[in-house]
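The values are calculated or read from the model by the stated rules, or taken from the named source; none is laboratory data. Model, not experiment: these values are computed from the prediction. For neighbour counting, all protein chains shown are included, and Cβ atoms are generated from backbone atoms with ideal geometry for every residue, glycine included.
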């Protein structure tokens, strides 16, 4: 409906324009046909027309007088001699004149149609009516400018509101969301993506309805323009086809990684839009800088705390365990002639104390930011199996770890799960065989342990909140690392635990 395009006062103004044109030309009826942004025509106002015609579209079939005048940009008089050129006018019912409404740049914005039955319009009527169409064009352009200003003011207020809701604890994706909705509010763009710029090739990290087939390599033809846009830190648009434009917004700062926001537009943007988008760039960069600086300060605080804990651990618990190990060694020397069972227990205590001492050293290494090697990991797993698996169990161990290094948290999680499960197999499973597998695949560490014991019902155990198996604790350890924990067991069929923990991208071979 026309109400969706013009407000009440604007509709009255259009009706008044048609009424004045009718009086000036001596016509009985008339209509004002305008073009929408997509080029389609509709009846914006009229006198002597049915109400349902107002706001109705003009069918694009090549037989419409309004469509003909809009396309040619030339006045057209229908009288006794030329009505037959339009197929729908098989018989002349009245005389009419149709004049194009041209904007200051020469583009046709609409058509003024006037009709009368008593006498035809003459060529000398055209100049006077054309003067009227000029005034109509001026009114339409002023209305368009006012609407544009209102749109920009509304967009600015919404944009400010969007960015004011951001906090330094948010993520870069939160910022990209705000930038997308800002661009959408201002330009109507519904498809966008953000590429992280890198030396090799930028890669997609954020998207909103972005075409799957459209990737960075598809911008190769305009690469020079994009690079200049990034270097100059300026917003640009590049025409892709007659109805599609690419919008490029560089988000570049020394305090956060460089990004390039890309949107798909249906029409070019104005100079005012560029100015508003420059404000969006500044607010987006500021938000990304705040997040980046907060994360850096958080890492520094964590580093200071790790160093403090490392000092406390080194000067406290580690020294106590070293002293304990010395006394255990002396005790062993003094009990050399004692019963062999007592010596075996003492050796077990010494091994456990040694394991605790080495683990404290591993914690020290982790607190200082030092991961462990696959060889160290293998040695620790072997020690754990020897300590927690009894001789009456047949243990099959498969180790295929091919990474540069292993983060301490991953090592600790796998080791704790291994200790817990081996301990519970010994206590409850009544198993004869145990199969352990540790390997890495793509970007994750995979750990599994399987036994042929009596099995159990995991759901029933969870409902009872049993503590002897520590199922909740194991799952929580894996969840903290954003991994997956699966347990497959049922009474009489043994138990299999599968754990998958993601590894940082940079440590994979």
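Data table
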read-out	value
Tabulated pairs, the range 124-138, first assigned by TED's automatic domain parsing to the domain that holds residue 102, second in a loop (DSSP other than H, G, I, E, B) and surrounded by fewer than 18 Cβ atoms within 10 Å (Cβ to Cβ), C-beta under 6 angstrom, 6+ apart or interchain	137/103
Boolean, residue 212 is out of contact with any helix residue (DSSP H, G or I) (no Cβ under 7 Å at 6 or more places or on another chain) and at pLDDT below 90	yes
Filter result for residue 152 (assigned by TED's automatic domain parsing to the domain that holds residue 269 and touching a helix residue (DSSP H, G or I) at 6+ places or on another chain (Cβ under 6 Å))	no
Test result for residue 211, touching a strand residue (DSSP E or B) at 6+ places or on another chain (Cβ under 8 Å), under 30 Å from residue 253 (Cβ atoms) and outside any helix (DSSP H, G or I)	yes
Failed item, numbered, when residue 143 is tested on (1) modelled with pLDDT under 85; (2) over 19 Å from residue 45 (Cβ atoms)	(2)
Identity of the residue in the range 189-204, loosely packed, with under 14 Cβ neighbours inside 10 Å and under 24 Å from residue 264 (Cβ atoms), that ends up modelled with the highest pLDDT	203
Inter-residue pairs, beta-carbon under 8 Å, first surrounded by fewer than 17 Cβ atoms within 10 Å (Cβ to Cβ) and in the range 152-177, second at pLDDT below 80, 6+ apart	174/166
Restricting the range 391-415 to residues that are buried (at least 16 other Cβ atoms within 10 Å of the Cβ) and in a helix (DSSP H, G or I), the residue that is modelled with the lowest pLDDT	408
Residue that is farthest from the chain's Cα centre (by Cα), among those in the range 431-447 that are under 19 Å from residue 383 (Cα atoms) and surrounded by 21 or more Cβ atoms within 10 Å (Cβ to Cβ)	434
Which numbered condition residue 248 misses (of (1) more than 14 Å from the chain's Cα centre (by Cα); (2) closer than 26 Å to residue 153 by Cα; (3) surrounded by fewer than 17 Cβ atoms within 10 Å (Cβ to Cβ); (4) free of Cβ contacts under 8 Å to residues at least 24 places away in the same chain)	(3)
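The rows are residues; the columns are (1) at pLDDT 85 or above; (2) closer than 16 Å to residue 502 by Cα; (3) loosely packed, with under 14 Cβ neighbours inside 10 Å.
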{"residue": "358", "(1), (2), (3)": "no, no, no"}
{"residue": "375", "(1), (2), (3)": "yes, no, yes"}
{"residue": "421", "(1), (2), (3)": "yes, no, no"}
{"residue": "429", "(1), (2), (3)": "no, no, no"}
